[in-house]
Every structure is written in structure tokens, then in C-alpha cells.
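Peer 1: Have a look at this one.
The values are calculated or read from the model by the stated rules, or taken from the named source; none is laboratory data. Treat the numbers as computed from the prediction; the structure is a model and nothing was measured. Don't worry about glycine lacking a Cβ; one is built from the backbone with ideal geometry, like all the others, and counts go over all protein chains shown. Keep in mind that these areas ignore ligands, DNA and RNA; they rest on the heavy atoms of the full protein, side chains included. Shrake-Rupley method; radii C 1.70, N 1.55, O 1.52, S 1.80 Å.
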Amino acid sequence: MDTSKKLWVIGFPKSGNTWVCYLTSYIYNVPYFDFADLNSKPKQEWVYENTRGQHEWDRIHGIDVLYKSHKMIEDLPVNTETDLILYVHRDPRDVYISFKHFMENGLAEWKGRLQYRFFGFLGEKSRIKWFINQWENHLKEWAEIADLNVSYDSLLEEGADYLYPILKKEKEDLDKEIVESAIEKFSFKSMTKGRKRGSEDKDSFFRKGVSGDWENHLSKEESDLFNPVLKG
């Protein structure tokens, strides 16, 4: 039986999980794995080299691996008593827009695309309501039990000043310069080979890298559907 302590970085799809995984892996110096495919590795070699947990600074105590996942807790071998859980959340309106591009460009698995298309046949408002239900259930299940909560939007805006005090809660001797180095190393420009934040590539996993893009895509009637979860 595996009794090692793990770090789980969890978030609803298109909430910034991958970016936060790279940052946290680098800062805490633990190897990163996508739990959906443990044999895979980041496509860019420099990302892989920087998320292997092989840096010279001390690793976070007691944790040997970081797993990324979007799944619900009942589908994962998470030990809530010993494992460290970091939950990534993002404005659900922006999540929906990124999620929509992800589905429509054939980047998602076929099961997810099938559900997405089914609710789309019922109209855009029906699809948004289906999405909100999925997003809210995910948030409620994970956010309450997470040891650390990271806002993608705040991280985009404030960078190391935002992330440092959060990650320091689990590593008291954390050097802020390492956090600043991670933010610079895994910037949107670096991850996309030169694109500036806001420059869109619909075929890229890292599509646009901004907050508030929903305003360019949702009508007022559609955005109002999110009001109950935004107030919650």
C-alpha cells in the first residue's frame, strides 16, 4: 500500500491548472505528473526539465510528487488526512469561454465533446446552465477540503506577491526569489514561444492568458446566468 504523501493540484478544466502545476512543481521542487496520463510529460523540453523536482533548493518536506487532475474526489486515490490539496479557481465566465474553445477545437476527449454538443442542441443557455452545474459541483466538493486555494485571476494580476504567501503556508522557509523566478520562467510569453498575453491562438492549449475575456463573448442575458454562483 502506497503511504507516501502527495500534492494534488485540482481545478475545473480550463481554470489554469497546468500553469499552477508548473509553478508549484518548480517552487516546491517536486516532480510533476498529469494523473490522467502518468506516462506523459510536458511537450516543451525546458518545461519538463524545470518540473522534474531536480533543483538545488530544498524540496517541500514530506512530499515526493505533484499530481494534476480535474476529477472529482471519489475518482482519485486522495488521502484527505495526509495529502496536500491545492485548488485552482477562476471566474466561471472565463472558464466557460476557454472551455468552449477547448471543446469546439477538438482538443478535449470525445466523451466531453459529446456532452457539450448534446446540451448545445438545446440552445446556448441550456449549455451554460449545464456548465454552471458542473463547475459549481466541482468547486463545492474541492474548495472546502483544500489546504490551499489559488485564484487564477489574482495570480495573473499580482504574480509572486499573491502566490508567495499562499505557498509559504506549507513551506515556511520558502524564498520569495524562487517564486519570482517561477513567475518569470513560466510566463505566458515563454509558454507560447513569444506571444503576449491577450494575443489569441485558438488552436493552442494556452489560448489567450487573460481575465475578463468573457465580456467579448457572452451577451448580458448569458452572463446573467452566472450571477447566482458569482454571488455565492
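Peer 1: From (1) open to solvent by 20 Å² or more (accessible area, probe 1.4 Å); (2) in contact with a Ser or Thr (Cβ under 9 Å, 6 or more places away or on another chain); (3) hydrophobic (A, V, I, L, M, F, W, C); (4) modelled with pLDDT of 95 or more, pick out the condition that doesn't hold for Met72.
Peer 2: So the condition that Met72 fails would be (2).
Peer 1: If I go through the stretch 156-194 residue by residue, how many of them are buried (at least 17 other Cβ atoms within 10 Å of the Cβ) and of a type in the set (D, E, K, R)?
Peer 2: Selection size over the stretch 156-194: 2.
Peer 1: Right, next: Mind counting the residues in the stretch 59-106 that are of a type in the set (Lys, Arg) and in a loop (DSSP other than H, G, I, E, B)? Spell out how you get there, then give the answer.
Peer 2: Filtering the stretch 59-106 for residues of a type in the set (Lys, Arg) gives 59, 68, 71, 90, 93, 100.
Next cut, in a loop (DSSP other than H, G, I, E, B) only: 59, 71, 90.
Number of matching residues: 3.
Peer 1: Another question, then. Just the residues that are of a type in the set (A, V, I, L, M) and either buried (at least 16 other Cβ atoms within 10 Å of the Cβ) or touching a His at 6+ places or on another chain (Cβ under 6 Å) (or both), please, taken from the stretch 1-55.
Peer 2: Pass one, the stretch 1-55, residues of a type in the set (A, V, I, L, M): 1, 7, 9-10, 20, 23, 27, 30, 36, 38, 47.
Matches in the stretch 1-55: Leu7, Val9, Ile10, Val20, Leu23, Ile27, Val30, Val47.
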